[in-house]
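See below for the structure under consideration.
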């Protein structure tokens, strides 16, 4: 990850940073492993659905040769041909968790990719973010706000210059008026009026 931010360091230099972050974010780390356990259990026991604790808002089950993640909206993420296998540390000792992988298609290439717990959680977060954005766009449409573009978690609409400032509260409402399944999510918005986006 450091390389992505232009930080060059050895593994020895990076380890204390990783350990400090995990110590300060124990709930996230627990959720990673709970996700890993639920996904692995779904592959081991087809036909059963396993909810991720502590809230159980996301669950995993297998359907045919497909691992499915059910999101809080009910929408499904699919991972094709899930497989579990034993992996080993550099010293030859077996890891205490089975490794989950699935098929990935990139262009014309099909290859097997690890479904490490951090990837599964990242997929959940990005998909839930997309569901929140979709709800905000539907809210804007039903309130007559002309959305002209959206980028990641940003929405831009057009308004006459003299009405731009007075339209902001309605845009904020559309972005934060979410369904019951979002209860407890820290949803906030920073709306601004300007002559151009960005």
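In whole percents, the pair-distance distribution calculated for region 3-115 from its alpha-carbon pairs, binned every 5 Å from zero, is 2, 10, 15, 17, 18, 16, 13, 7, 2, 0.
Put in order of Cβ neighbour count within 10 Å, fewest first, the listed residues 89, 32 become 89, 32. The long axis of helix 26-44 is offset from the longest Cα principal axis of the chain by roughly 60 degrees.
Of the residues 159, 140, 127, the one that moves most in a GNM of the chain with alpha-carbon contacts below 10 Å is 159. Neighbour counting of Cβ atoms within 10 Å sorts the residues 111, 61, fewest neighbours leading, into 111, 61. Give the angle, between 0 and 90 degrees and rounded to the nearest 10, that separates the Cα long axis of helix 11-24 from the longest principal axis of the Cα atoms of the chain. For 11-24 against the chain, the angle is about 60 degrees. Cα convex hull, the chain: 191 Å³ per residue, rounded to a whole number.
Would you kindly calculate the translational diffusion coefficient of region 109-191, applying Stokes-Einstein with the Kirkwood radius from alpha carbon pairs, for 4 °C and a viscosity of 1.567 mPa s, and quote it in µm² s⁻¹ without decimals? Once the numbers are plugged in, D ends up at 89 µm²/s.
Return the ratio Rg/(2.2 N^0.38 Å) for region 14-68, where Rg is computed over Cα atoms only.
1.39
Is region 50-124 rounded, prolate or oblate when judged by the Cα gyration tensor, a ≥ b ≥ c being the square roots of its eigenvalues, rounded requiring a/c under 1.5 and prolate requiring a/b larger than b/c?
Values: a/c = 2.18, a/b = 1.27, b/c = 1.72.
Oblate is the answer for region 50-124, as a/c is 1.5 or above yet b/c matches or exceeds a/b.
In the chain, the longest principal axis of the Cα atoms and the axis of helix 164-176 are about 30 degrees apart. Just the number, please: Stokes-Einstein D of region 145-198 in µm²/s, Kirkwood Rh from C-alpha pairs, 20 °C, 1.002 mPa s. Here the translational diffusion coefficient equals 175 µm²/s.
Values in this text are rule-based calculations from the coordinates and carry no lab data. As the structure is a prediction and not an experimental result, all values here were calculated from the model. Virtual Cβ from ideal backbone geometry, glycine too; neighbours counted across all protein chains shown.
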